[in-house]
Structures are given as structure tokens and as C-alpha cells.
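The values are calculated or read from the model by the stated rules, or taken from the named source; none is laboratory data. In this text the structure is predicted, and so the values were computed from the model without any measurement. For neighbour counting, all protein chains shown are included, and Cβ atoms are generated from backbone atoms with ideal geometry for every residue, glycine included. Only protein heavy atoms, including side chains, enter the accessible area calculation; ligands, DNA and RNA are left aside. Shrake-Rupley method; radii C 1.70, N 1.55, O 1.52, S 1.80 Å.
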Amino acid sequence: MPRRDWLSFVPDIEPGYAPWLHNHGSLTQRIQQRCDMFSVRNVYAGLSTANTDEVALLNISRPQQVYARNVFLYADGKPVVFAHSVVAARHLQRAWHALQHLGNRPLGTLLFSHPLVQRAPLRYKLLKPEHPLYRQTASVMDEKPPRLWARRSVFTLHGAALLVTEVFLPQILELEQRKA
């Protein structure tokens, strides 16, 4: 059931969000190309419990610990994306050991430069205020919209899954208009 929540195709994406949601390249690189100053602010990195809709994708049981990394991507001093990455804790010593040492560096650099990393298709969802990732994203917003667009994908390295979810703040639309 949780997998059906996240759709492989959404026909009614608001026009400004569609290019951001559907792009299969590095989101980090795309943002960097559209701003003068890019930065990453790490807000949490450590052991956690997976969200209900993440368990099946990580092939773990609910009580199992995961390593979570939550960051905001900033463009010209404004938060534009909340990125939430989770991996089964057992994979930190093997495939995804570099994840815990990123600090304020973008994960995208690692994912898109490693030749053995494979990416599953993107999936999409409109997050509502009751979703935990909506609440984390909205923590930096003065005005909270009724919903936020998100996408996620599973990256695999040596058989180990890393789930990356990216939640788009409304400020992302300013980048598309400003620089192309």
C-alpha cells in the first residue's frame, strides 16, 4: 500500500514544478546552475526510525534502525529543497559509508559521480501537513502552503538501497524564472 501513495506519473503537476520534478539529473547541479551562491545546511544526521512509507523500499522491518540525513539546499540564501536520505544502518559500514561523512556537502556529488550507483525511476507525491516530511520542510517557512511537491528515488550500490526524497519549497520557482 505505501508504494501506491507515491506515483510514477502525475498528470496535473503545476507547470513551474514539472521541470524540477521530472529532471533525472543531479538536482544539486541544476540548482547551482541557476543561482550565484549554493549551500547545504545539514539539520540532522544520525540513527532514526524510518517513516512508514519508506520501510518497504529499504527492505527493512519497522523496528530496524536507519541512518537518516536531512538537509536544506539553499540558493542565494533561500531554502529551496529539503532533502531526506535514509539507508539501513547495516549498510553504513559497507556500500554507503561515505554518507555519514558528508557534513554540509551535497549528496548529489557522490551519487552522480560514482559509476556503480544505479537509480530507480522517480516517484512523486503531494505532501500534506500531516506527513512528517512536510512538517520538517515547513519548519523554515513563514507561510506554509497547503501542500508541497516531493519526489523520491532509490539509489543502489552493491545491492544496498539508499532512498532519497526531495521536497520542493515554493522558492524553487524563482530559480527557474531568474536563470535558465
Applying the selection to the stretch 56-67, what residues are open to solvent by less than 20 Å² (accessible area, probe 1.4 Å) and touching a residue at least 40 places away in the same chain (Cβ under 8 Å)?
LEU58
Which residues, counting only those in the stretch 34-44, are touching a helix residue (DSSP H, G or I) at 6+ places or on another chain (Cβ under 9 Å) and either basic (Lys, Arg) or open to solvent by 50 Å² or more (accessible area, probe 1.4 Å) (or both)?
ARG34, VAL43, TYR44
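Let's see how each residue does on (1) closer than 21 Å to PHE168 by Cα; (2) of a type in the set (A, V, I, L, M, F, W, C):
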residue: ASN42; (1), (2): yes, no
residue: SER48; (1), (2): no, no
residue: GLN65; (1), (2): no, no
residue: LEU73; (1), (2): yes, yes
residue: LYS78; (1), (2): yes, no
residue: VAL86; (1), (2): yes, yes
residue: ALA95; (1), (2): no, yes
residue: ARG105; (1), (2): yes, no
residue: LEU133; (1), (2): yes, yes
Of the residues in the stretch 1-46, how many are farther than 22 Å from ASN104 by Cα, assigned to a loop (DSSP other than H, G, I, E, B) and of a type in the set (D, E, K, R)?
2
Filter result for ARG41 (within 16 Å of the chain's Cα centre (by Cα) and without any contact (Cβ under 8 Å) to a residue 24 or more places away in the chain)
no
Does THR28 fit the bill of being of a type in the set (Val, Ile, Thr) and open to solvent by 20 Å² or more (accessible area, probe 1.4 Å)?
no
Which condition does THR156 not pass, out of (1) out of contact with any Leu (no Cβ under 7 Å at 6 or more places or on another chain); (2) within 23 Å of SER48 (Cβ to Cβ); (3) open to solvent by 30 Å² or more (accessible area, probe 1.4 Å); (4) not in a strand (DSSP E or B), if it passes all the others?
(4)
Qualifying position, being within 16 Å of HIS24 (Cα to Cα), surrounded by 18 or more Cβ atoms within 10 Å (Cβ to Cβ), charged (D, E, K, R) and touching a residue at least 60 places away in the same chain (Cβ under 8 Å), among ARG123, ARG119
ARG123
Is at least one residue of the stretch 68-81 under 20 Å from CYS35 (Cβ atoms), surrounded by 18 or more Cβ atoms within 10 Å (Cβ to Cβ), modelled with pLDDT of 90 or more and not hydrophobic (A, V, I, L, M, F, W, C)?
yes
Any chance you could count how many residues in the stretch 1-15 are at pLDDT 80 or above, open to solvent by 30 Å² or more (accessible area, probe 1.4 Å) and touching a helix residue (DSSP H, G or I) at 6+ places or on another chain (Cβ under 8 Å)?
1
Quick check on the stretch 46-53. Is at least one of its residues farther than 16 Å from GLN136 by Cα, out of contact with any Leu (no Cβ under 9 Å at 6 or more places or on another chain) and open to solvent by less than 40 Å² (accessible area, probe 1.4 Å)?
no
